[in-house]
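Heads up, the thing below is written out as structure tokens.
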Amino acid sequence: MKKKFLNLLKQPITNSYLRKIDKKTIKKEFFYNLSVGFDDKNYLVSLINPINPKKQYTDKYAHRASQSVTMNESFKQIALKLKKRFVSKFSLESGSNDGVFLKNFTKKQIIAVEPCKNLAKITNKMGYKTYGQFWNKKIARKIVKKHFNLDLIFSANTISHIPNLKETFDAVCLALSKNGVFVFEDPYIGSVIKMNSYDQFYDEHVHLFSLLSISEILEKSNLKIFDVELLPTHGGSIRFYVCKKLSKIKIKKNVFDLKKKELLQGLNKLSTYKKFSIRINKSKKSLIRLLKKIKKKGKRVISYGATYKSATIFNYCNIDSNLIEYVVDSTKNKQGKFTPGKHIPIKSPGSGIDKNIDYAFLGAWNFLKEIKKKEIKFLKKGGKFITHVPSVRTIGL
Ligand code: DWN
């Protein structure tokens, strides 16, 4: 049974960037209660009230995975690694977004499944066969019938977004060839607990995985984990290497080592998450205190990166344009719009970060290194970033 340990209050759908903020639009805006629970049977951390995916993955999906040098490089490296380590006649990516991973393969080598129709259109135009729908057993059967069983299935920042994991993993088992491998990566609950990055909880992140929780769940779909990696991407992610239970692939020692570490970190105990929730409450108070203090001194504060994550922060901490004048973001289809729930205007970095800005709250804290390099002029003139990860603090040159 899922035991609630965190209540992040009333939240909007993070993909719902508003074109205008008139009475009618605001009246129609959808909100839900964002509460998080821990299942003491399979140790899974999930949202208590997940949203219907049809409301989230529309033909107006805003996020573009290729909007950072960091992730372009990360996807290039994993593509190279998978091609080197596994022989795959035919591969599939589930949740291909704008093709940031696909583009590292030839069009004959790989196909994709992407529910957001505007994104599926982009990758089809790039020449990659993309099925514009959700991953499930029906599409898996269709693909196996039309093509053949898959030697490699890859998925990044997608599986954690799917409420029905049993259907998802049964479909994988169905589509994989006898010794095929399924590799997927998502934000890691172990890092979220360590980094106090509670903004990784939002409507799209229905689950945040640990090795302990996923092992239990994959078992029920006749799948097993044979290797695992912890990654720096997105503030700490975990990459699972999975095959069929009966496959002859050997389980690597680091799988057992990480399970021991997770038990030491207490990822199998409700008390760990309750302590986390207390820290988050303190983090909220200290962020609001800092922003109010800075504003009182007449300083100008903006936010950097109109991330889905920052919607959780702004709505949980009740931060609006009284505390943050506007947000800058490099994603064209976010510029000129307003952030979900708190309706802070979004501008392009070119027009937004100028010499009169004193502080920038890091909505895209997971790209600190890349952003510091890019905005060195801002830092040199005395500008500072503000972050809440792992504690509320300012970051200068
Ligand atoms: O899981 C998800 C992750 C992968 O992406 C999705 N559910 C939704 C989305 O979440 P996010 O918005 O928190 O992701 P990012 O990748 O942290 O978003 C970074 C944002 O910052 C993008 O909108 C681009 C922007 N950005 C920028 O304006 N200038 C990023 C960099 C690096 C920059 O220099």
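The values are calculated or read from the model by the stated rules, or taken from the named source; none is laboratory data. Quantities reported herein were computed from a predicted structural model and do not represent experimental measurements. Cβ atoms come from the backbone with ideal geometry, glycine included; neighbour counts cover every protein chain shown.
Worth a mention:
- Residue among T58, T70 that alone is among the polar types (S, T, N, Q), more than 28 Å from I371 (Cβ to Cβ) and surrounded by 14 or more Cβ atoms within 10 Å (Cβ to Cβ): T58
- Taking the numbered list (1) closer than 17 Å to A62 by Cβ; (2) at pLDDT 95 or above in turn, P349 passes all entries but (2).
- Options I278, I288: the member that is in contact (Cβ under 8 Å) with a residue 24 or more places away in the chain and aliphatic (A, V, I, L, M): I288
- Qualifying positions in segment 119-162 - assigned to a loop (DSSP other than H, G, I, E, B) and basic (K, R): K129
- Looking only at segment 139-177, residues that are among the charged types (D, E, K, R) and either within 16 Å of the ligand (Cβ to nearest atom) or in contact with a strand residue (DSSP E or B) (Cβ under 7 Å, 6 or more places away or on another chain) (or both) come to 1 in all.
- The listed residues are S310, S330, S321, and the only one of them that is away from the ligand (no atom under 11 Å from the Cβ) and surrounded by 14 or more Cβ atoms within 10 Å (Cβ to Cβ) turns out to be S321.
- Just one of the numbered conditions (1) within 16 Å of the ligand (Cβ to nearest atom); (2) over 25 Å from S74 (Cα atoms) is not true of L397: (1).
- Hits in segment 83-118 (condition: outside any loop (DSSP other than H, G, I, E, B) and closer than 18 Å to F184 by Cβ): K83, R85, S91, L92, E93, S94, L102, N104, I110, I111, A112, V113
- Test set (1) under 24 Å from M195 (Cα atoms); (2) among the polar types (S, T, N, Q); (3) away from the ligand (no atom under 14 Å from the Cβ) - T387 fails condition number: (3)
- Residues (near the ligand (Cβ under 10 Å from one of its atoms), in contact (Cβ under 8 Å) with a residue 60 or more places away in the chain and small (G, A, S)) located in segment 333-375: G363, A364
- Residue match in segment 296-304 (condition: of a type in the set (A, V, I, L, M, F, W, C), away from the ligand (no atom under 16 Å from the Cβ) and buried (at least 19 other Cβ atoms within 10 Å of the Cβ)): yes
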